[in-house]
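S.K.: Have a look at the structure that comes next, please.
The values are calculated or read from the model by the stated rules, or taken from the named source; none is laboratory data. Given the structure is predicted, the values throughout are model-derived calculations rather than measurements. Positions of Cβ are generated from backbone atoms using ideal geometry, with glycine treated the same way; all protein chains shown enter the neighbour counts. Side chains included, ligands, DNA and RNA excluded: accessible areas come from the protein's heavy atoms. Shrake-Rupley method; radii C 1.70, N 1.55, O 1.52, S 1.80 Å.
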Amino acid sequence: MNPSFSAAEEAFRQEARIWLIESLRSVGYDAMSWRERLDTDFCMRWERHMGASGWTGLSWPKEYGGRALPLVQQVIFQEEYARAEAPILWNSMAHGILAPTLMYYGTESQKKRFLPGILSNEERWCQGYSEPGAGSDLAALATRAERISDARGDRYVVTGQKVWTSVAQFAHWCFILVRSDPKSSRHKGISFLLLDMKSRGVTVRPLRQMTGESEFNEVFFDGVEVPVENRVGEEGQGWEIAMTAANHERGTFFVPMLVSMQSELRDLVKLARTTPSDGRPAIEDPLIQDKLAQLYMDVSVMRLNSYRTLETLMQGRPPGPEASFTKLFWSEVRQRMLELAMDILGPQAMLAWTDPQAAAGGRWQREHLWSRAITILAATSEIHRNIIAERGLGMPR
Ligand SMILES: Cc1cc2nc3c(=O)[nH]c(=O)nc-3n(C[C@H](O)[C@H](O)[C@H](O)COP(=O)(O)OP(=O)(O)OC[C@H]3O[C@@H](n4cnc5c(N)ncnc54)[C@H](O)[C@@H]3O)c2cc1C
């Protein structure tokens, strides 16, 4: 069963596909190796190009510079983007989480100040939520924001530490959760601030990951001043805002990932056809065949489930436990897929992904190592299982 799209939606798909093919060709993307395509500077230039060409903010209202397209067209674009294997979008948290939050909770002057920079991707953002003692249990966060009013103005002074802050080393701004009421505990007394990463007292230390790359960071705040007008919502409303924002993140966030997994599976089949194992192609091994067939079924199930989530969203209902199911299933299937890639590569899998002799430019080894993170980011598998059990199946806590 495939979802059907109207003639207008199919025409939009064609328009998006042609724009992507032509634009990617014009920046030389088609001639780049898999590894060259990971280059951060290139990806960020491309992102600004998308902004300048009017292919960002597709769902945003026109008054904020968007195209006010219906959700289904936004998803079609995400599908085409993934199908074109287009560059990584480093500012995706600003688009997926912050922009909808600002549109809902932000003041007019905050919208005017911050939305254009997100739309154009001239201003990049990071998300400052997790702390060394507050990950799954985010309500335990301890970064303090003391409010001070004097001749220099009304401001918060932020002191504390965040961790696992993706792309903080490239970010101009951070949307951050802080404890603004020192006497409060848990969900109360938390505020949502927009913090300029160039402020005095901000220190970003990249963390080295298993792949050898540094995508996320520790971020230290030592008396960092944030003007009160950069608080989103009321003082103490931060938890509510963060939870609403999480629903945006869980909405259509995984659609492109599902599409890219379909093409990853096709590439895995090619790898199995071309990699020898005991003197014959690995694909002739019945165990490899079984695992590939299982993955094919899993990816088909995932696709149908992502459309089910989309239908929920189109009916105006917030994504509930089905979004947790999609994230859980996607992350665990992808890990299995990359483990199978290691099985297919056999002894060659032992080469580091950066080794010049690694098959396919080291793609499979790198993705295998990276994939260990995906059952942790955007809430761990255990947390998603809790959500499914409690909110989906109504089981007791
Ligand atoms: C690649 C990557 C990028 C990230 N980017 C960001 C970012 O940009 N900004 C940001 O703020 N954070 C980011 N994070 C952090 C991420 O949100 C946290 O790692 C995640 O919420 C888990 O928190 P933790 O690491 O503190 O683990 P913990 O919460 O300490 O969990 C440890 C283990 O205990 C389990 N556990 C915890 N509580 C329960 C429970 N109630 N029931 C059952 N099991 C439980 C967990 O599932 C896990 O296995 C990123 C993480 C990764 C891996």
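S.K.: Just give me the residues in segment 114-123 being in a loop (DSSP other than H, G, I, E, B), in contact (Cβ under 8 Å) with a residue 60 or more places away in the chain and surrounded by fewer than 22 Cβ atoms within 10 Å (Cβ to Cβ), in sequence order.
M.R.: If the condition is that a residue be in a loop (DSSP other than H, G, I, E, B), in contact (Cβ under 8 Å) with a residue 60 or more places away in the chain and surrounded by fewer than 22 Cβ atoms within 10 Å (Cβ to Cβ), then GLU122 is the only one that fits.
S.K.: Among what's in segment 124-144 and is more than 11 Å from the ligand (Cβ to nearest atom) and of a type in the set (Gly, Ala, Ser), pick the residue that is least open to solvent (accessible area, probe 1.4 Å).
M.R.: Only one residue fits best here, namely ALA139.
S.K.: In this structure, does LYS183 turn out to be at pLDDT below 95, assigned to a loop (DSSP other than H, G, I, E, B), in contact with an Asp or Glu (Cβ under 8 Å, 6 or more places away or on another chain) and not hydroxyl-bearing (Ser, Thr, Tyr)?
M.R.: no
S.K.: Taking segment 96-121, which residues are farther than 12 Å from GLY51 by Cα, more than 18 Å from the chain's Cα centre (by Cα) and small (Gly, Ala, Ser)?
M.R.: Passing the criteria: GLY106, SER109.
S.K.: Can you tell me which condition SER331 does not meet? The list is (1) open to solvent by 30 Å² or more (accessible area, probe 1.4 Å); (2) at pLDDT 90 or above, and all the others hold.
M.R.: Failed condition: (1).
S.K.: Still on this structure, please answer the following. Among the residues of segment 45-59, are any farther than 30 Å from ASP30 by Cβ and either crowded, with 17+ Cβ neighbours inside 10 Å or assigned by TED's automatic domain parsing to the domain that holds VAL226 (or both)?
M.R.: Within segment 45-59, none of the residues are farther than 30 Å from ASP30 by Cβ and either crowded, with 17+ Cβ neighbours inside 10 Å or assigned by TED's automatic domain parsing to the domain that holds VAL226 (or both).
S.K.: Which of the helices (runs of 4 or more DSSP H) found entirely inside segment 243-359 contain at least 3 residues meeting this: free of Cβ contacts under 8 Å to residues at least 12 places away in the same chain and either over 26 Å from GLN74 (Cβ atoms) or not assigned by TED's automatic domain parsing to the domain that holds ILE176 (or both)?
M.R.: Fully inside segment 243-359 and qualifying: 255-274, 286-314.
S.K.: Output the number of the condition that ARG147 fails; it satisfies all remaining conditions of (1) touching a helix residue (DSSP H, G or I) at 6+ places or on another chain (Cβ under 8 Å); (2) within 20 Å of ILE241 (Cα to Cα); (3) open to solvent by 40 Å² or more (accessible area, probe 1.4 Å); (4) within 13 Å of the ligand (Cβ to nearest atom).
M.R.: Among (1) touching a helix residue (DSSP H, G or I) at 6+ places or on another chain (Cβ under 8 Å); (2) within 20 Å of ILE241 (Cα to Cα); (3) open to solvent by 40 Å² or more (accessible area, probe 1.4 Å); (4) within 13 Å of the ligand (Cβ to nearest atom), the lone unmet condition for ARG147 is (4).
S.K.: Residues to consider are VAL157, VAL167, VAL163, VAL178; find the one that is away from the ligand (no atom under 16 Å from the Cβ), aliphatic (A, V, I, L, M) and surrounded by 15 or more Cβ atoms within 10 Å (Cβ to Cβ).
M.R.: One residue alone meets the criteria, VAL157.
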